[in-house]
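The values are calculated or read from the model by the stated rules, or taken from the named source; none is laboratory data. As the structure is a prediction and not an experimental result, all values here were calculated from the model. Methodologically, a virtual Cβ is constructed for each residue, glycine included, from the backbone with ideal geometry; neighbour enumeration extends over all protein chains shown. SASA here: full protein model, heavy atoms, side chains in, ligands and nucleic acids out. Shrake-Rupley method; radii C 1.70, N 1.55, O 1.52, S 1.80 Å.
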Amino acid sequence: MFTQFASLLCEISKTHQTLLRSKQLHALIIKTHLSNDPFYATNLIRFYESNNDLLSAQNLFEKTPHRSVYLWNSIIRAHARARKFHFALSLFKDMLWSKIKPDNFTFACVLRTCSESCDFKCLRLVHGGLVVRGFGTDSVCSSALVSAYSKLGFIDEASKVFDGVLEPDLVLWNSMISGFGSSGLWDRGWDMFNMMRRFGQCPDGFSIIGLISGLADSWLVGVGHAMHSFCIKCGFDSNVHICSALVSMYSRCNCMNSAYRVFSNLVQPDLVTWSALITGFSESGEYEKALIFFRKMNVEGKKADNVLVASVVAASAQLAIVGLGKELHGYVFRLGFQSDIMVSSALIDMYSKCGLIGLGVQVFDIMPDRNIVSYNSLILGFGLHGLASEAFRTFDKLLDEGLKPDESTFSALLSACCHAGLAKEGRELFRRMTNVFGIEAKTEHFVHMVKLLGMKGELEEAYDLVLSLPEPIDSGIWGALLSCCDIHGNSELGEIVAKQLIETKPEKTAYRVMLSNIYAGNRRWDEVNKLRDSFSGGGLKKMPGLSWIGDVFKELADLHTKRHHRFKVDTISEEAAKG
């Protein structure tokens, strides 16, 4: 009997058990009359949670008469991790009415539940409750509060919590640094990092990760390099998690050569690191590299998540290679992501850009759930194919579904109007966007409106619209007006617009080329020659046309035939390293 008990204790103390073994242990515990002991019930709930069997976990909890605080914490955490936030909070309320009082770990779990469910009101209530129970300056609760407030965008509230702790530990320092990073306040995070060191706290890997998480713009890459150097100096460069964060940081900053150098030094990069590199290549416009490294990742046995799959499908859409798109669609089915909204929306966009709007509609029709992104993808697709009436019907349908349009919805609708030449409808949509839905017009909306008016020959109205905008006016808006002047041969207005653009963007030769075309259309050959002289005299060169799609398709096709063999990326590696 003692041997059986010792064996059971050893089994129940392990970090993980399979679902079958968990049920066997559960039966053994009942047989040995230990089912009323909350220690065994707590560990069994942990096993059931790790196997995604919440029903068994809940049944066990309800049948356990003697409930410890650890048992309560286990079942609340199980529901929270399964994103069953309502059940987690309901259990917490039941606990408050029981004889067992919550501890600091209970509150920390519930605070994470509030932030994950974006429930600020509940977060405030829980904050008040933990203060009343004496956990206001507890390090565990304070760290959870800082993280929760930061995640919901209330960084000042997070700072107040931090300032209320007299002797913050390393976890709390890291939470505050990460809070600033996730809020995009990298400079305040850096100040906090330096303050931590002055107070005698030695930073760890989480400190570094929190610090570099706030770097997301190309102009901050210098700061990123400095932080990378600090990692090397402190010996953190061998830490897999830090290297993954560095790859993500360099990718966000569009510094893909540095991202690849860090990535290539990893022996076994995890899925997060692969995703950061592949997404970085895609977002920086290097779509072919994104696809090639995605294939390499699959050959090495890594399984993509829905976010990465959506990013790769988007890269395929930019290349407009339908064969690759269809292959990725098959991959989506094999992974079971066909019902995922993000992936399906990317597929709709991909088929639209490949000229197969019918397949995009089919993907949309079989989606079990749709959000505004799904509708925006379909509206944009209809617009690209000149099917403005279908775009309008889809817009009416999303309104009937109770969805609220966003700025991307109206950008897609105005684009549809541009393709179909519907100036009257475009004006009405622009009016509804601002007056009815309260959406502030962005640069892309003004670009569409200028194109819409200009293509109809209403150049003066388009010019007046541009002049009504606050300074500085985006060059994309001026460029749209110049292209319309080029089409209609309006040299007088074209000259005004081109000079404006050349002053602000002297390195862009396209504006000079369009102005030259306008002059040539009006037989103003002297002006054409002057512009040509400015090309040679100013050291400017017109970029020659390049055909690289064929090379990319050939390379990807070759890779497709070698899908069962080891990937060879020597050439790509050299190119990436050179940037």
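Tabulated data for the structure shown
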{"read-out": "Qualifying positions in the range 163-191 - under 28 Å from the mean Cα position of the chain (by Cα) and either among the β-branched types (Val, Ile, Thr) or open to solvent by less than 20 Å² (accessible area, probe 1.4 Å) (or both)", "value": "Val171, Leu172, Trp173, Asn174, Ser175, Met176, Ile177, Gly179, Phe180, Gly181, Gly189"}
{"read-out": "Tally of residues being part of a helix (DSSP H, G or I) and over 16 Å from Val447 (Cα atoms) across the range 389-423", "value": "12"}
{"read-out": "Residues (open to solvent by 50 Å² or more (accessible area, probe 1.4 Å) and at pLDDT below 90) located in the range 134-152", "value": "Thr137"}
{"read-out": "Wholly enclosed helices (runs of 4 or more DSSP H) of the range 25-123 bearing at least 2 residues modelled with pLDDT of 90 or more, open to solvent by 40 Å² or more (accessible area, probe 1.4 Å) and closer than 24 Å to Gly179 by Cβ", "value": "104-116"}
{"read-out": "Looking only at the range 252-287, and only at residues there that are among the polar types (S, T, N, Q) and in a loop (DSSP other than H, G, I, E, B), the one that is surrounded by the most Cβ atoms within 10 Å (Cβ to Cβ)", "value": "Ser284"}
{"read-out": "Scan of the range 201-217 for residues that are open to solvent by less than 70 Å² (accessible area, probe 1.4 Å) and either more than 24 Å from Ile155 (Cα to Cα) or part of a helix (DSSP H, G or I) (or both), ordered by number", "value": "Gly205, Ser207, Ile208, Ile209, Gly210, Leu211, Ile212"}
{"read-out": "Residue within the range 447-470 that is under 18 Å from Leu378 (Cα atoms), modelled with pLDDT of 90 or more and among the basic types (Lys, Arg) present", "value": "no"}
{"read-out": "Selection status of Ser218, in contact (Cβ under 8 Å) with a residue 12 or more places away in the chain, closer than 21 Å to Ser182 by Cα, of a type in the set (S, T, N, Q) and touching an Asp or Glu at 6+ places or on another chain (Cβ under 9 Å)", "value": "no"}
